[in-house]
Structures are given as C-alpha cells and as structure tokens.
1. Scaled to the compact-protein estimate 2.2 N^0.38 Å, what is the alpha-carbon radius of gyration of the stretch 8-64, rounded to two decimal places?
2. Which FRET efficiency, nearest 0.05, do L106 and R35 yield, Cβ-Cβ r, R0 35 Å?
3. I want to check the label-to-label distance for E49 and V97. Put each point 7 Å from Cα in the C-beta direction and report it in nm to one decimal.
4. Quick one: order K56, K64 by neighbouring beta-carbon count within 10 Å, fewest to most.
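Bear in mind these aren't lab numbers, they're just calculated from the coordinates by the rules spelled out. What you see is a predicted model; the values in this text were computed from it and never measured. Cβ placement follows ideal geometry from the backbone for every residue including glycine, while neighbour counts extend to all protein chains displayed.
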Amino acid sequence: MPAHQIHDHVDCPYFRWRLFQRNAVWYADGRFEKRNLGIHSLGTQVRNEAESNLRKLDFQMAVKHGLARDPGVDPDSCLAISRGWDLSLEWCDRPPVMGGASNKTLNKYKRSQVLHRNFCDMEGIHIGMTLEKMSWNGTGEVWEGDTRIAPCILS
C-alpha cells in the first residue's frame, strides 16, 4: 500500500493550488477549484523553486482563463470573440460562387457560434486575436498579409 501523501495548499494571487511530490518532483494540482486547472509538473525537486514556478503557472492559467491580462499583448490590437464571429459569418455568407458557404453549412456555423458565445460568456472569456496586418478592401478579402495570432484579454 502506498504511503499517504501530504498535500500542501498554496494560495496564489489567482487560484489555490495543492502541491505534492511524485518521484521527488513537485506537482501543482488545480482540479479542486471552480475551474479544473489540471495537474502540472513544476519541473523541480526543490521546494523553493517549485513555489516560484507555481507563481508563474498561476499567472499563465489566469491569462488563459481571462482573469489577467498578458502584458506582452496590446489590447488595442485585439479582436473580440463576438467581432471575430461577426466577421467570420459575414465572410461565409457570401454567394457560393464567390467562395461562400452553402445555406446548410452557414446554419451549422450560426448554431456553433451561439453555443460558443454562450460558453465564453459563462466562463468570462473574452479572448480574441492580435492582428498585425489587417485590412478590409470591401470585396471579401478580410485578412491580408502576415497575421500573428496571440491570446489577449479584453475588459
């Protein structure tokens, strides 16, 4: 029978984590919170380093779940989820001759869009895209040139 593991609870700025060791390596368990954050290896056998890595992990998960803003992303260059869906559906609503989707496919996309927006609203997620070169020429070409996709939080 395996030895009983002692779990230490650590309160970080965004989430509460349970620390434990497996094969001498420290892990953070975030499965007991409101959001299931999963189990993550902290990549060290030293407790102090594990706590330092946990603070970084806590911030990364906060950015991922929309609780913190990534300082490396300019919020003015972000595209909100709702605006992205509007552009996407507008793009698909073109006549099929111009490369648009059929009515049946468009209806599927609209149903998916409603479910996705509801999910994002429930989870408080407003992640969009950062577009470095975005242009609209009025003929259906929405994205031109190089694009870079990065998570960003809109408040």
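1. Normalised Cα radius of gyration, the stretch 8-64: 1.00.
2. In this case the efficiency is close to 0.60.
3. If labels sit at E49 and V97, their model points lie 6.6 nm apart.
4. The fewest-first ordering by Cβ neighbours comes to K56, K64.
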